[in-house]
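**Q** Input: one structure, supplied below.
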């Protein structure tokens, strides 16, 4: 049986980064880079034309808003996975990333092995969040200035909601959370609805990023 070849599209301002990513990914038997580009205008056109299985992109583009291009790409029917490759994830990046559903978040300081792991997890339909992201968030002065406001949201959580958020951030499913807390899955879902509302997030990924940012794991 032939091994499936996954098509990958790379977008980054830096040529060296593009060459490095391509070299690492094409060193794997089942990945093919169909495009590596620095041109923002190609994100939408080529993304829809080439239909890659995964788009790896640094949204911090010098001549364009990468997140806006991603939003338009998704609105026009792009069904591939999207893995963000970030220098940091604070302020604008943190806010923008939470507005659009992403499949993975990885720092540029990551090792080649972590890149391969991230791509593998995202392709399997799992959300990948670089565990080093919390270190960047906690060390950032800009992010720390948001802590006072966001800590009020955490204080608004009940103890049960806090416990569930912690388990969600650890990657547990509703079923496992229900078993650990001796409650029903329906109760977990109801609590999650309240957690999302109180934190001002839309889904588990955003809640996980919020939790990581505040050391809740």
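**Q** So the check is Cβ under 7 Å with 6+ separation or different chains; which pairs have a first residue in region 1-17 that's over 22 Å from residue 41 (Cβ atoms) and a second one that's in a strand (DSSP E or B)?
**A** The qualifying pairs are 5/32; 6/31; 6/54.
**Q** Determine which member of the set 52, 59 is modelled with pLDDT under 90, surrounded by 13 or more Cβ atoms within 10 Å (Cβ to Cβ) and touching a helix residue (DSSP H, G or I) at 6+ places or on another chain (Cβ under 9 Å).
**A** Going through 52, 59 in turn, the sole match is 59.
The values are calculated or read from the model by the stated rules, or taken from the named source; none is laboratory data. Note that the coordinates shown come from a computational prediction; the quantities given were computed from them, not determined experimentally. Virtual Cβ from ideal backbone geometry, glycine too; neighbours counted across all protein chains shown.
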